[in-house]
Amino acid sequence: MIQINDNRVLKSLFKGNFGLEKEALRVTEEGEIATSLHPFDATNSNIVRDFCESQTEINTGIHRSAREVVEELREHHRRIVRKVASMQPVELLWPFSNPPYLTSDSNIPIALFQGDLAEKTHYREYLSRKYGRHKMTFSGIHFNYSFSGDLLRAAYEAETSIRIEKGKETADYRRYVDRLYIDVLQGLIKFGWIVVALMSASPLLDCSYFRSDVRGKDLCLGMASVRCSELGYWNLFVPVFDYTDISSYTNSIANYVKKNWIVAPSELYYPVRLKPRGENTLEGLIKNGASHIEIRCIDLNPFAEGGIDERDIEFLQLLIIWLASTRQKQLSSAAQVMAIQNFKNAARFDLGKSYISFREEGTIPATEAIVRVLYEMEQFFKSIPEIEDVGRQERVAAILRYQRTKMEDVENCNYAHIVRRTFSDTFVEKGLEWAKRETDAIIKEISDNV
């Protein structure tokens, strides 16, 4: 837990590192998933493939602010849009988390890796057999966040009265950092459903997802986010972890691999993850310790260039800071199972008819739970004095107000409701028109600047 009553901690509280991963499908002008090969060089680490050969994934660098990371994301997004528009036949970048027209699995090309990387294709073939290729076409955004070294060292000193110099971190300091990240992870498991509730944007699905002989007919299944709902990206069991320490946490993941419930840690489809420095392996997590938190349950927002609004990223940082500054209880097995159900409940379209459950408080309507969390965050940040950052409280208040409007003015401010109103009746056709307009605008912007 971060002690915010310490001035040195307060000076660094909002210092952090931001990274984004964004998936999106390349599609034909007719609304089919493209079957062409990945059009970017294999050495381009910023634009790679996810499950499908036609599922682009943007990996940004690490940045010090939400604005900077969004700017990089948009640069790569524009690069992809321009590239696929120049292909023959012309392709578009699909703007939604839900796929366009789907026919058979054979028309969903698994990413093709060769040579030393061929195992990546074999792994995807295993996933397609286990979960189905249709499910693997869902796309989304992952947010990666780490606390700055200045904040972590200041927080450790406030906690222990032991000063740590940069580059001279001790084993005890490392354990403190790991414990902090584990506590934040538990907080996100308990409260992360609010991310789904506020950032869902995929209520519409074409009927061809379920029936290959029917296309052009919209389905609204009562979900604001299909990929985060019961129908989405989940394992065939609900994982339960041991949060005693970093070793216990990694061992609980390794046990699922040993039981053959999953073949690798990467198969753990969980809304939040703890990740290490360097290569993302369990061995790396034990050896190098926790480096950052990954939030994986964000839908593509078609109304924001690049797929995510800068204000939503700032909210995610505020959520993490609030959780890091609030004492978190160890989550029992039952609480963890309940928490995952809360994520699924938060993916419903009508949150007034959905519920969030807590072990301590019982079950309350999702709309009430969201307002309650936002209120607690508002009160927390109001209590923090401004130190060397005039205007910070105003910006924080504006970000939290923005999230609140999604509940107070649902029809005009909630992404899922706007998507349904804008793209209903002919979801794929209207989505293609939307993608074409964005493509034309990006190309025109480039030509105007030449």
**Report entry** Charge tally in the Cβ shell below 14 Å around residue 122, where Lys, Arg are +1 and Asp, Glu are -1, residue 122 excluded
**Finding:** 0
**Report entry** Value at 222 nm in deg cm²/dmol, rounded to 500, when DSSP H runs of n ≥ 4 in the chain each add -39,500 (n - 2.57)
**Finding:** -14000 deg cm²/dmol
Query - Between the range 209-226 and the range 400-450, the alpha-carbon center distance in angstrom - result: 19
Query - Around residue 186: net Lys/Arg minus Asp/Glu count, Cβ-Cβ under 12 Å - result: +2
Query raised in the report: Label 7 Å along Cα→Cβ of residue 90; the range 3-37 residues with amide nitrogen under 13 Å?
Result: 28-31
**Report entry** Of 130/258; 130/287; 130/259; 22/275; 217/406; 120/287, those spanning more than 20 Å from alpha-carbon to alpha-carbon
**Finding:** 130/287; 217/406; 120/287
**Report entry** Qualifying lysines (Cα of each under 19 Å from Cα of residue 329; at least 8 residues distant if same chain)
**Finding:** 190
**Report entry** Volume in Å³ per residue [convex hull over Cα atoms, computed for the range 7-449]
**Finding:** 156
Report summary line: The size of the Cβ-based charge dipole (Lys, Arg +1; Asp, Glu -1) of the chain about the Cα centre, to the nearest 20 debye, is 840
Query raised in the report: Along the positive direction of the dipole of the range 7-449 (beta-carbon charges: Lys, Arg +1; Asp, Glu -1; about the Cα centre), which of 52, 111, 171 reaches farthest?
Result: 171
Query - Share of Cα-Cα pairs in the range 243-359 lying beyond 20 Å, as whole percent - result: 57
Report summary line: Taking trypsin sites (Lys or Arg not before Pro) in a DSSP loop with at most 10 other Cβ atoms within 10 angstrom as exposed, one finds the longest site-free stretch of the chain at 1-162
Requested in this report: Please work out how much length the chain gains when fully extended from residue 446 to residue 281, using 0.36 nm per residue of separation minus the C-alpha to C-alpha distance, in nm with one decimal.
Outcome: 55.4 nm
Query raised in the report: How far is the Cα center of the range 340-362 from the Cα center of the range 32-109, in Å?
Result: 32
**Report entry** GluC sites (Glu not before Pro) lying in DSSP loop within the range 305-403, provided at most 12 other Cβ fall within 10 Å
**Finding:** 360, 361, 386, 388
Query raised in the report: Taking the simple approach of a point 7 Å from Cα along Cα-to-Cβ for both residue 333 and residue 118, what is their distance in nm?
Result: 4.2
Query - Isotropic mean projected area of the C-alpha convex hull, the range 362-450 (nm²) - result: 10.4
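Here, each number is a calculation from the coordinates, and none is a lab measurement. Note that the structure is predicted; figures quoted are calculated from it, not measured. Note that we place each Cβ from the backbone using ideal geometry, even for glycine, and neighbour counts take in every protein chain shown.
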